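Notes follow once the structure below has been shown.
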Amino acid sequence: MLAGGGHRSFDDPAFLAEAAGEAIYARLDPTHELSPPARAFAHLSLPEMARSVLEFRCVQTRGSRPIT
């Protein structure tokens, strides 16, 4: 479960990293119950997750090599 309380958003780099990290961890431990923020990343492949994280951080990925 993600640390901290209150309303946090993906604008916070630490929160974003925790959510993405938790989604990766859940792949190793299928019994882990994902928090709602981590569910945003659970269905993505690792390259798609990387692209999503970059886009949340306002890094333009259009024109980048295709995800394979």
As I understand it, the dipole of the chain uses +1 on the Cβ of Lys and Arg and -1 on the Cβ of Asp and Glu, about the Cα centre. Which of Met49, Gly63, His32 lies farthest toward its positive end?
Gly63
Per its Cα gyration tensor (rounded if a/c is under 1.5, else prolate when a/b beats b/c, else oblate), the chain is best filed as oblate
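Rounded to the nearest 20 Debye, what is the dipole magnitude of the chain about its Cα centre when Lys and Arg each give +1 and Asp and Glu each give -1 at the C-beta? Kindly include the intermediate steps, with their values, before the conclusion.
Values: 7 positive and 8 negative charges, 65 e Å.
Around 320 debye, computed over the chain.
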Cα-based helix-to-principal-axis angle, 13-28 vs the chain, degrees rounded to 10:
80 degrees
Pseudo-spin-label distance Glu55 to Asp29, built 7 Å along Cα→Cβ, given in nm, is 3.0 nm
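On a full-extension model of 0.36 nm per residue, what is the gain between Leu46 and Arg62, subtracting their alpha-carbon distance, rounded to one decimal in nm? Show your work: numbers first, answer last.
Working: separation 16, 0.36 × 16 = 5.76 nm, distance 1.75 nm.
Once the chain is fully extended between Leu46 and Arg62, it gains 4.0 nm.
Readers should treat all values here as calculations from the given coordinates under stated rules, not as data from a laboratory. Note that the coordinates shown come from a computational prediction; the quantities given were computed from them, not determined experimentally. Heads up, the Cβs are rebuilt from the backbone with ideal geometry, glycines too, and the neighbour counts pull from every protein chain shown.
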